[in-house]
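The values are calculated or read from the model by the stated rules, or taken from the named source; none is laboratory data. What you see is a predicted model; the values in this text were computed from it and never measured. Here the Cβ is made from the backbone with ideal geometry for all residues, glycine too, and neighbour counts use every protein chain on show.
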Amino acid sequence: MIASVRGVVADIAGGEIVVEVNGLGYLVTVPDRSALHFSFGEEVHLHTAMVVRDDHVGLFGFESREELSLFGLLRSVNGVGPKMALAVLGQMTPGAIHDAVVTENDAAFRAVSGVGAKTAKLIVLSLQGAFDHAPKAAKTSEAAQDISAVVKTSVVQALVGLGWSDKVAKQGVEQALEVRSGDPVDASTLLREALSILGPQTNRESRR
């Protein structure tokens with residue numbers, strides 16, 4: 001079992017990096033969010049999980065113990081393999097995952113590529129009890145600002161489904177986020193505040 005790897009990034013290819021440790025290169029698969037800011041020659045320290053299957057041995061790396069713990073929790077959900085768990089962590093911060101689970105916002109998980117409606121609901125149901133003992137996300141300014149893509153997209157889609165155009169829905173969501181001044185917010189709260197800003201049905205712009 002390889003629990004962690006500390007070394008220099010020798011190669012980067014998509015979501016896979018090679019970490020060189022004393023002349024030995026470890027191929028590590030990392031979440032997309034991490035891969036985007038790693039650079040060649042940078043020293044990294046990754047907490048790792050080794051997944052052994054009949055035809056493949058994979059090493060998955062994370063920048064924090066919290067992400068590693070969430071990777072294990074996600075894999076414990078029926079139908080969620082290492083690739084899907086990694087995809088969730090690649091698109092959602094630990095804080096966003098925690099908020100989505102405790103507010104039963106399965107739409108946030110459906111927004112992750114490859115996660116269907118049934119699996120999204122299973123993730124929410126399965127992880128609710130686990131968060132009683134799992135580490136929770138620190139409310140740092142970076143995490144607060146990274147509500148971003150997943151939550152915003154799910155709220156915009158909900159508004160479009162209610163009759164607003166994509167353009168107006170996005171404007172309403174952005175205005176709601178500005179009002180909160182970067183404070184963390186779950187999808188249901190953001191939707192409620194966007195609806196308050198957009199006003200009654202008569203103000204809806206027709207779909208195109």
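A few comments on the model shown:
- Which numbered condition residue 114 fails, given (1) crowded, with 18+ Cβ neighbours inside 10 Å; (2) not in a helix (DSSP H, G or I): (1)
- When residue 51 is tested against (1) touching a Ser or Thr at 6+ places or on another chain (Cβ under 8 Å); (2) closer than 11 Å to residue 29 by Cβ; (3) among the aliphatic types (A, V, I, L, M), only condition (1) is not met.
Every residue, every condition in (1) within 28 Å of residue 129 (Cα to Cα); (2) modelled with pLDDT of 90 or more; (3) outside the structural domain of residue 107 (by TED's automatic domain parsing); (4) touching a Pro at 6+ places or on another chain (Cβ under 9 Å), yes or no:
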{"residue": "12", "(1), (2), (3), (4)": "no, yes, yes, no"}
{"residue": "18", "(1), (2), (3), (4)": "no, yes, yes, no"}
{"residue": "26", "(1), (2), (3), (4)": "no, yes, yes, no"}
{"residue": "31", "(1), (2), (3), (4)": "yes, yes, yes, no"}
{"residue": "34", "(1), (2), (3), (4)": "yes, no, yes, no"}
{"residue": "43", "(1), (2), (3), (4)": "no, yes, yes, no"}
{"residue": "47", "(1), (2), (3), (4)": "yes, yes, yes, no"}
{"residue": "76", "(1), (2), (3), (4)": "yes, yes, no, no"}
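- Matching residues, segment 71-104, being over 22 Å from residue 187 (Cβ atoms) and among the hydroxyl-bearing types (Ser, Thr, Tyr): 76
- Only a single item in (1) among the hydrophobic types (A, V, I, L, M, F, W, C); (2) at pLDDT 90 or above; (3) more than 30 Å from residue 168 (Cβ to Cβ) is not met by residue 137, and it is number (2).
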